[in-house]
Amino acid sequence: METGKVPIILPIYHEGTEFVMPQDPDTNALESGVPKVGKSVYVIVGNPLFIDDLLMGFNKCLKQDMIDSNHPICMGLYQALCLRIGYAMRLLRAQLRIQLNQNETRNSMQNSQLFTDEVEAKYEDSNTTYHYAS
């Protein structure tokens, strides 16, 4: 590279911004310049992607005075970068979905326990105490 420094790519995946700043489906124009409140946005940050191995393999492409950026060698570099970044993003999406599902299950179990506690509290005043298995 011209600067001699290899960039590090930090993959960041997010979901939910489409509910905070919705767009018109036909024009992609924002529906409002003011964000909607009460919506959830989820963000997950992955590990840095080190690409020095790719850059070393395509060093001819990095010398722009020697080769056209549309040259097949450069296109190979672009494709390899896109594949690595795409894989990292799909992995982050899957990790986020797993975390959200675990949180949803945990919240559902907590809500079920809260309901059970309420039912038990209501019936403790009577002579019979009811217990519900959850």
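At a glance:
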| item | result |
| --- | --- |
| Residues of the stretch 1-30 classified as among the charged types (D, E, K, R), surrounded by 10 or more Cβ atoms within 10 Å (Cβ to Cβ) and more than 24 Å from Leu96 (Cβ to Cβ), total | 0 |
| Residue within the stretch 66-81 that is modelled with pLDDT of 85 or more and open to solvent by 70 Å² or more (accessible area, probe 1.4 Å) present | yes |
| Condition check for Asp53: open to solvent by 80 Å² or more (accessible area, probe 1.4 Å), among the charged types (D, E, K, R) and within 21 Å of Tyr78 (Cβ to Cβ) | yes |
| First in the stretch 15-35 and in contact (Cβ under 8 Å) with a residue 60 or more places away in the chain, second anywhere and open to solvent by 50 Å² or more (accessible area, probe 1.4 Å) and not in a loop (DSSP other than H, G, I, E, B), Cβ under 7 Å, 6 or more apart | Glu15/Tyr42 |
| Extreme residue, most open to solvent (accessible area, probe 1.4 Å), among residues of the stretch 31-50 that are in a loop (DSSP other than H, G, I, E, B) and closer than 30 Å to Leu81 by Cβ | Asn47 |
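The values are calculated or read from the model by the stated rules, or taken from the named source; none is laboratory data. All figures in this text were calculated on a predicted structure; none of them were measured in a lab. Note that we place each Cβ from the backbone using ideal geometry, even for glycine, and neighbour counts take in every protein chain shown. Accessible surface areas use protein heavy atoms only, side chains included; no ligands, DNA or RNA. Shrake-Rupley method; radii C 1.70, N 1.55, O 1.52, S 1.80 Å.
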